[in-house]
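A.B. asks: For reference, the structure I am asking about is given below.
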Amino acid sequence: MKDRDAMVIEALERNGSDTSKPHQIDFFLDFERFEQAAPVAQAMDRDGFEVRVFENSDGTHTIEAKRLLVPSLETMRDITTQLNALTDKHGGNYDGWGTEGNNRGQTTE
């Protein structure tokens, strides 16, 4: 069975995106409380992500982080591993990544 990173990359390629070129990648992380999200957002900011933390209607918090990068399987698996470790450490959930790709009008998550 393929992992989620591989499935997203394959979907990008099926939809005509050139995965050898940079993409604006959006990452999503969920937390019950702001106090859990804040240190993760700070760490991601230090690592070069554009980070936004917002409160959901149910009082939980989501980090939306963006970064321009080439979505190779190795890179995306490395980032997934890092973000899973960060969210585990702070009691959150890494919800994955998506991108509009570089084929105009395409969205994949």
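A.B. asks: About the Cα centre of the chain, what is the dipole size in debye to 20, counting +1 per Lys and Arg Cβ and -1 per Asp and Glu Cβ, all else neutral?
C.D. replies: Here the size comes out at about 260 debye.
A.B. asks: Counting other beta carbons within 10 Å of each residue's own, what order do LEU68, LEU86, LEU73, LEU29 fall into, fewest first? It would help to have the intermediate numbers written out before the result.
C.D. replies: Values: LEU68 11, LEU86 19, LEU73 14, LEU29 26.
Neighbour counts put them in this order, fewest first: LEU68, LEU73, LEU86, LEU29.
A.B. asks: Tell me, what is the percent relative contact order of the range 4-99, built from C-alpha pairs under 8 Å that lie six or more residues apart?
C.D. replies: Working: 151 pairs, mean separation 38.2, N = 96.
Computed over the range 4-99, the figure is 40 percent.
A.B. asks: Could I ask something else about it? What residues have an amide H closer than 5 Å to that of ASN102, excluding those fewer than 5 places away on the same chain, when H is modeled at 1.01 Å from N in the peptide plane?
C.D. replies: Distant-sequence amide H within range of ASN102: ASP18.
A.B. asks: From the C-alpha coordinates alone, can you work out the Kirkwood hydrodynamic radius of the chain, in Å? Please report the intermediate quantities before stating the final value.
C.D. replies: On the way: mean 1/r = 0.0702 Å⁻¹.
Computed over Cα pairs of the chain, the Kirkwood hydrodynamic radius comes out at 14.3 Å.
A short reminder: the numbers here are calculations on the coordinates, not readings from a lab. The structure displayed is predicted, hence computed values, not measured ones. Cβ atoms come from the backbone with ideal geometry, glycine included; neighbour counts cover every protein chain shown.
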